[in-house]
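See below for the structure under consideration.
The values are calculated or read from the model by the stated rules, or taken from the named source; none is laboratory data. This is a predicted model, so every value here is computed, not measured. Note that we place each Cβ from the backbone using ideal geometry, even for glycine, and neighbour counts take in every protein chain shown. With ligands, DNA and RNA removed, areas are computed over all heavy atoms of the protein, side chains included. Shrake-Rupley method; radii C 1.70, N 1.55, O 1.52, S 1.80 Å.
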Amino acid sequence: MIAELDALPPGEALFDMDGTLITNDIAEACLRGIDRMGHRNRVTEKASSVFAAYQAVLDYREQCRFAALALGGLRIGQVEELVDAALDAGECAPVREVCELAHWVALRHRVWLLTGSPEVVGRIMADRLGIRHVRGIRLRLAGDRLLPETFGILTCDEGKVEASWAMTGRIPVFAIGDTAHDLPLLRHARVARTVGAIAGKEFPALV
């Protein structure tokens, strides 16, 4: 499907999630679900709307962090319910062409879902998409309960490049994303494709 990949030895292929593998932003859908269930923690306790508080964070990296911290206090099963509710309601859905590409690429390369969303959300979504390897913003755990504490690399903007090195120790053979926040990662890969807002602007569009 992408001729340049055939010339490369087996390696790492990195797929953005929100807006790339799936429509819209599943972490944002989860925040709306948190508002519906009335969940709060020490980070969000003063917010009348967690989603509105998230939207008010102007720095993109801190906005990504906030979306993860807002899950603190929930059990992993509750996050799974939020993800499935968003899918059932049509707030997000798999993008057929990109998912098909991921499964084709996986025949030769190791496919990763690399996201600026919380890793717990990414893992649940990856399970629905048939992707094994996942990296996102990590939250500490107490048993199966998430804590409102992030740790490790903040996997957005340049952080995706840093995470890529930490995950694999080598330059990825392929990367795909949908916004300017993915461009550092796309520039880091040997072959890159784009969808969404940046489709065809710096790297070829997938479709």
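Considering the range 172-207, and only residues there that are part of a loop (DSSP other than H, G, I, E, B) and closer than 23 Å to residue 137 by Cβ, the residue that is most open to solvent (accessible area, probe 1.4 Å) turns out to be 179.
For first residues located in the range 42-62 and within 20 Å of residue 155 (Cα to Cα), partners that are of a type in the set (D, E, K, R) and outside any helix (DSSP H, G or I) and lie 6+ apart or on another chain with Cβ distances below 7 Å form the pairs 60/157; 61/157.
If you go through the range 18-38 and keep only what is part of a loop (DSSP other than H, G, I, E, B) and within 20 Å of the chain's Cα centre (by Cα), you end up with 19, 20, 21, 23, 24, 25. Those strands (runs of 3 or more DSSP E) of the range 90-171 in which at least 3 residues are in contact with a helix residue (DSSP H, G or I) (Cβ under 6 Å, 6 or more places away or on another chain) and either aliphatic (A, V, I, L, M) or open to solvent by less than 70 Å² (accessible area, probe 1.4 Å) (or both), considering only elements entirely within it, cover 110-118, 133-142.
Taking residues in the range 120-131 that are on the phi > 0 side of the Ramachandran plot, and partners anywhere that are assigned to a loop (DSSP other than H, G, I, E, B), the pairs with Cβ atoms closer than 9 Å and at least 6 places apart or on different chains are 130/106.
Report, by residue number, each residue of the range 59-89 that is among the basic types (Lys, Arg) and in a helix (DSSP H, G or I). Within the range 59-89, 61, 65 qualify. Residues in the range 1-15 that are among the charged types (D, E, K, R) and either surrounded by 15 or more Cβ atoms within 10 Å (Cβ to Cβ) or assigned to a strand (DSSP E or B) (or both): 12 alone. Applying the criterion of being under 17 Å from residue 117 (Cβ atoms) and assigned to a helix (DSSP H, G or I) to the residues of the range 39-52, the residue that is most open to solvent (accessible area, probe 1.4 Å) is 51.
Among the residues of the range 16-36, those that are without any contact (Cβ under 8 Å) to a residue 40 or more places away in the chain and open to solvent by 40 Å² or more (accessible area, probe 1.4 Å) comprise 28, 35, 36.
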